[in-house]
Amino acid sequence: MALAFDEYGRPFIILKEQDQKTRLRGLEAQKANISAGKAVARILRTSLGPKGMDKMLQSPDGDVTITNDGATILEQMDVDNQIAKLMVELSRSQDYEIGDGTTGVVVMAGALLEQAEHLLERGIHPIRIAEGYEMASRMAVEHLDHIAQKFDFGPTNIEPLVQTCMTTLSSKIVNRCKRPLAEISVKAVLSVADLERKDVNLDLIKVEGKVGGKLEDTELIYGITVDKDMSHPQMPKQIQDAKIAILTCPFEPPKPKTKHKVDIDTVEKFQTLRQQEQKYFDDMVQKCKDVGATLVICQWGFDDEANHLLMHRNLPAVRWVGGVELELIAIATGGRIVPRFQELTPEKLGRAGLVREKSFGTTKDKMLYIEHCANSRAVTIFIRGGNKMMIEETKRSIHDALCVARNLIRNNSIVYGGGSAEISCSIAVEAAADKYPGVEQYAIRAFADALDSVPMALAENSGLQPIETLSAVKSQQIKENNPHFGIDCNDVGTNDMREQNVFETLIGKQQQILLATQVVKMILKIDDVISPSDY
Amino acid sequence: MAIEKILKDDASEEKGERARMASFVGAIAITDLVKTTLGPKGMDKILQSTGRGHGVTVTNDGATILKSLHIDNPAAKVLIDISKVQDDEVGDGTTSVVVLAGELLREAEKLVAAKIHPMTIISGYRMAAECARNALSQRVVDNKENAEKFKSDLMKIARTTLSSKILSQDKEHFAQLAVDAVMRLKGSTNLEAIQIIKKPGGSLMDSFLDEGFILDKKIGLGQPKRIENAKILVANTAMDTDKVKIYGARVRVDSMSKVAEIEGAEKEKMREKVQKIIAHGINCFVNRQLIYNFPEELFADAGVLAIEHADFDGIERLALVTGGEIASTFDNPESVKIGHCKLIEEIMIGEDKSIHFSGVEMGQACTIVLRGASHHVLDEAERSLHDALCVLSQTVNDTRVLLGGGWPEMVMAKEVDELARKTPGKKSHAIEAFSRALVAIPTIIADNAGLDSADLVAQLRAAHHKEGCNAGIDVISGSVGDMAELGISESFKVKQAVLLSATEAAEMILRVDEIITCAPRQREDRM
């Protein structure tokens, strides 16, 4: 720790308890940071691509997660290092923004850091490197715009969308049935999409999973499933043309929020109170019946008595339905959420063609399906699978596929996958680098090299000779001036990604490059790390 | 400089070969643990809990054994999970699924050692699993049309399932019990309707199926012990002090006499309630909640049998069998459905009294009374019977049936072998390995029975070379026998679930190349 002395030779205390803190500065700090960032990237590197491997994560409570989704791996890893936390953030923001490519962005950032290390060793100032990277990333993004293709799809022609989703799914464990899952995702997104405004509200798609059965049994339900059953075991299990009252008030005696007391001091009062209570229950049920409801869905619980009254009046009911589900039901059935019994009117009831209870397996597992709704804008993807981890992983994969489909609806430009876009950018950036005067030239060239690392990792994971394959593809791209050549991960025999139908979204790719560059710039600018020593 | 530490202090990270080895070792250890329980001559395990009293369980049910283990290895957890799912989904085959997954991993380990990439192994396994499933579905027998034959199929399946359990001595008896119980369900898979009551004493052979319903409760004092043509009201209502539920209500009095008045009113209220209940014209009242002494006395006065504190399942089942509805309010007696039964009486099973409802209207629910020498025997018998019931109820829904005794595995192995020969490339090694893993199951069954597995399995393979062969391992005589003649059958649904979940689990573990273990959450010591 560097110390400052005054003119009498006494040390200045600048930091509180400074002798207990460790401090890294200058080149040393940068190198330490870079090596931490690289270490994180190295963990994810093997998960990239269709032949990427999974990671097994054991949480502090002993639960096991198996995944190859970059964002999930990083989130569950107990990361301590500050720079590593930045990388975690990076992957998370890609997840929020795009939903896919969370592994790629970290690998990209790792490669940029690695290149920066070489440049630092040659004595180039970190800020100059950062600026060079910035310029290069702009070039790469522009180039991506240039090579991107638009493709048309409509509600009838979903093939291109399905193909893109399949590219995403092929790197996951579910790639065994990627085709049906991709179709399910696309159909789900299209049925909730607003094609005019080019927007998709993914909240309308519910992804539910239940252990058991096989992956092929996964289905798309045009409606809602609720993990609940009828409140009374003897209520009907199937309701045709249901009119649904959606309530957020409990079938229970009123509980005013202001503090109050009801004093009972005479026998008469006791009896009137009792009668009122009975009448209250009766009124509640009668109100529902009067407006013509044939099913009551309630956010709260029921009293035993109310439950029986409902059963008695032949009014099936579901209790303890969560808020999010309640909203979805309201959207799907076109009903209104009613907070008070007095406000129930026939117009506020939701409508569904069929409501049924379905039981699974040998245990008493029941779910409620609400189908053929008035408004089919809410859908549910219902996943089945061999074990809990499989279901969780499928949920994550479906989420990625949904995001990809949404991005395509927002912006229908695509680039080709399999590393072809990165290689093409790398060639463009490399060529542009020579035209730049100044030290930045080196940084730009390094950026081009870093871009190569994604296809390199793909080739490595697929069991190909990385350097050999990459150089072959690169020369092919330059020779034929065709940006569609990539790494042939699945050993199909051609490396034209257009023929293999491997697509990625343009915005996803651009976002990857921009985010990775930003984080690397941030890391490079740090020249002093002060951390409290362990206690 | 050295690589910075990224993970938190106690977290650990295992990579590549080491990670793979850790998961193989864990999974194979689990497999070896349960594999001795496989088959009719499989052995049981004693499990001692670490909780208070060190309770002991003796079982050979795979799911039960694995559920009670405390495992730290993440790959082993995957296997335990699939066994649990198999239990929930089809009820039986919980050991087989773990053994098959373990054998698949054991074979995969060899292939990985021979420098074949895990992804290649996975794609080979997938092809093999698909092929095996097709092979099975081509050889199924479906007797849905023929009720008589189907029933005998069910009997065979029940016998096969039970033969590997503690009930194997009396499997004929219990198979009959299970089939009868399941047939009463009429296609529903709701096993809740079958009540199993365990009473120590007697022998297993004394167990019986009762068509009526037995409630493990005593009849209130001074109430009739026997009612013919009972009208039963099933209720879920508070029969202690019927509180005013309006929030914030409280009693405020200024003199003793008022207290007495209110108490009188309360009593009056309860009396009215009882009157209303009796006005339904019933002579038996079953409540889920407590019945206090005062109302009980009122019921006794009216000659109504009142049963309190029947648990929730009991209530539901009772409502199901007697055809009544569960009531909570009693204001309109005309529209409440009341359950009926011919006779209610108190019976003795062993030394305990229970209430027996016989001659009920709806025949769906029934009760199986298990008798046996000790609690351990009874617990195990219940688990075995539960397995049999699960399998049977699943078979009623999916009526396809296969032969047992290692026959399905050999059929699959043969087809998979064919496929391996036809497939070019490295995948064929994986497909071959899959077939070896399948053959491991009959091998283990034979080994557990103390037979010469190498010889038997070779004979079996030779026998299967012929088309349409029914050969399997006859454990009793220790030779290859005709499974159709011996009447050993298994449900297609169970076998398919075993095959698919085992492959899925093996695939999942194979795909892993890195294990990151977080630091265990610190538990505060409660001193």
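We did not get these values from a lab; they are worked out from the coordinates using the rules stated. Treat the numbers as computed from the prediction; the structure is a model and nothing was measured. Neighbour counts run over all protein chains shown; Cβ positions are idealised from the backbone, glycine included.
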Tell me the label-point distance for the pair A:GLU196, A:VAL262, using the 7 Å Cα-to-Cβ offset, in nm and rounded to one decimal. 5.1
Could you work out how far helix B:94-113 tilts from the main Cα principal axis of chain B, as a 0 to 90 degree angle to the nearest 10? 30
Write down the Kirkwood hydrodynamic radius of the stretch B:378-493, to one decimal in angstroms, obtained as one divided by the mean of 1/r over all alpha carbon pairs. 15.5
Relative to the Cα centre, what is the charge dipole magnitude of the stretch B:114-179, using +1 at the beta carbon of each Lys and Arg, -1 at the beta carbon of each Asp and Glu, and rounding to the nearest 20 debye? 260
Whose amide H sits under 5 Å from the amide H of B:GLU490, counting only residues 5 or more places off or on another chain, with H placed in the peptide plane? B:LEU402, B:LEU403, B:GLY404
Would you please report the Å³ per residue occupied by the convex hull of the alpha carbon atoms in the stretch A:100-166? 106
Spelling out what I want: for every residue of the stretch A:130-139, take phi, set θ = phi - 60°, compute 6.51 cos²θ - 1.76 cosθ + 1.60 (Karplus), and round to whole Hz; glycine and proline get x. 4, 5, x, 4, 4, 4, 4, 5, 4, 4
Round to a whole angstrom and tell me the spacing of the C-alpha centers of the stretch B:254-271 and the stretch A:44-81. 67
The stretch A:196-314: percent of C-alpha pairs farther apart than 18 Å? 67
Could you work out, for the stretch A:437-479, what percent of all Cα-Cα pairs fall into each 10 Å distance bin, beginning at 0 Å and stopping at the bin that holds the largest distance? 27, 42, 25, 6
As a test of the formula, what do you get for chain B when each DSSP H run with n ≥ 4 contributes -39,500 (n - 2.57) and the sum is divided by the residue count, at 222 nm and rounded to the nearest 500 deg cm²/dmol? -16000 deg cm²/dmol
Using only the alpha-carbon atoms, how far is helix A:159-169 inclined from the longest principal axis of chain A? Give it as 0 to 90 degrees, nearest 10. 70
Among A:LEU408, A:LEU220, A:GLN518, the residue whose Cα sits farthest towards the positive end of the charge dipole of chain A (+1 at Cβ of Lys and Arg, -1 at Cβ of Asp and Glu, taken about the Cα centre) is A:LEU220
Is there a quick way to get the dipole size of chain B? I mean about its Cα centre, with the Cβ of Lys and Arg at +1 and of Asp and Glu at -1; what is the value in debye to the nearest 20? 700
If amide H atoms are modeled at 1.01 Å from N in the peptide plane, then the residues at a separation of 5 or more from B:ILE196, or on another chain, having amide H under 5 Å from its own are B:ILE368
In debye, nearest 20, what is the charge dipole magnitude of chain A about its Cα centre with +1 on Lys and Arg Cβ and -1 on Asp and Glu Cβ, if you could check? 1200
Which number do you get for Rg(Cα) / (2.2 N^0.38 Å) in the stretch B:88-202? 1.49
What helix-only [θ] at 222 nm does chain A give? Using -39500 (n - 2.57) per DSSP H run of at least 4, over all residues, to the nearest 500, the answer is -15500 deg cm²/dmol
Using the alpha carbons of the protein assembly as shown, what is the convex hull volume per residue in cubic angstrom, as a whole number? 238
Among A:VAL174, A:ILE264, A:ALA293, pick out the residue whose Cα is farthest towards the positive end of the charge dipole of the stretch A:164-300, where Lys and Arg carry +1 and Asp and Glu carry -1 on C-beta, about the Cα centre. A:VAL174
Neighbour counts of other C-beta atoms within 10 Å: give me A:ILE127, B:ILE473, B:ILE80 arranged from fewest to most. A:ILE127, B:ILE80, B:ILE473
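Can you compute the FRET efficiency between A:LYS237 and A:MET522 using 1/(1 + (r/R0)^6), with r the Cβ-Cβ distance and R0 = 56 Å? Round to the nearest 0.05.
Result of the calculation: an efficiency of 0.45.
Which pairs in the list A:LYS150/A:LYS474; A:LYS237/B:LYS144; A:LYS210/B:LYS15; B:LYS231/B:LYS273; B:LYS110/B:LYS495 are over 22 Å apart, alpha-carbon to alpha-carbon? Don't skip to the end; give the middle numbers.
Values: A:LYS150/A:LYS474 24 Å; A:LYS237/B:LYS144 26 Å; A:LYS210/B:LYS15 31 Å; B:LYS231/B:LYS273 18 Å; B:LYS110/B:LYS495 26 Å.
The pairs that break the limit, which is 22 Å between Cα atoms, are A:LYS150/A:LYS474; A:LYS237/B:LYS144; A:LYS210/B:LYS15; B:LYS110/B:LYS495.
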What list of ³J(HN,Hα) values in whole Hz, one per residue of the stretch B:402-414 in order, does the Karplus curve 6.51 cos²θ - 1.76 cosθ + 1.60 (θ = phi - 60°) give from phi, with Gly and Pro shown as x? 10, 7, x, x, x, 5, x, 4, 5, 4, 5, 4, 5
Got a sec to turn the phi values of the stretch A:51-64 into Karplus ³J(HN,Hα) couplings, 6.51 cos²θ - 1.76 cosθ + 1.60 with θ = phi - 60°, whole Hz, x for Gly and Pro? 9, x, 8, 9, 10, 10, 10, 10, 7, x, 8, x, 6, 9
Quick check on the exposure proxy: order A:LYS479, B:LYS414 from fewest to most C-beta atoms within 10 angstrom. A:LYS479, B:LYS414
Any idea what the alpha-carbon Rg over 2.2 N^0.38 Å comes to for chain A? 1.25
Consider just the alpha-carbon atoms of the stretch A:49-183 and return their Rg together with their Dmax, both in angstrom. 18.6, 58
Per the rule of 0.36 nm per residue minus the C-alpha distance, extending A:ILE530 to A:ARG356 adds in nm 56.5 nm
Counted neighbours (other Cβ, 10 Å), sorted fewest up, put B:GLU485, A:GLU7, B:GLU268 in the order A:GLU7, B:GLU485, B:GLU268
Among B:ILE71, B:ALA113, B:PRO40, which residue has its Cα positioned farthest towards the positive end of the charge dipole of the stretch B:1-132, with +1 placed on the Cβ of Lys and Arg, -1 on the Cβ of Asp and Glu, and the dipole taken about the Cα centre? B:ALA113
Distance from the Cα centre of the stretch A:404-477 to that of the stretch A:285-342, in angstrom? 57
Round to a whole angstrom and tell me the spacing of the C-alpha centers of the stretch A:384-401 and the stretch A:107-163. 30
Take the alpha-carbon positions of the stretch A:358-432, form their convex hull, and give its projected area averaged over all directions (one quarter of the hull surface) in nm². 8.7
Rank by packing, highest mean first: peptides A:366-373, A:265-272, with packing defined as the count of other Cβ atoms within 10 Å averaged across residues. A:366-373, A:265-272
Kindly express, to the nearest 10 degrees and within the range 0 to 90, the angle between helix B:427-448's C-alpha long axis and the longest C-alpha principal axis of chain B. 60
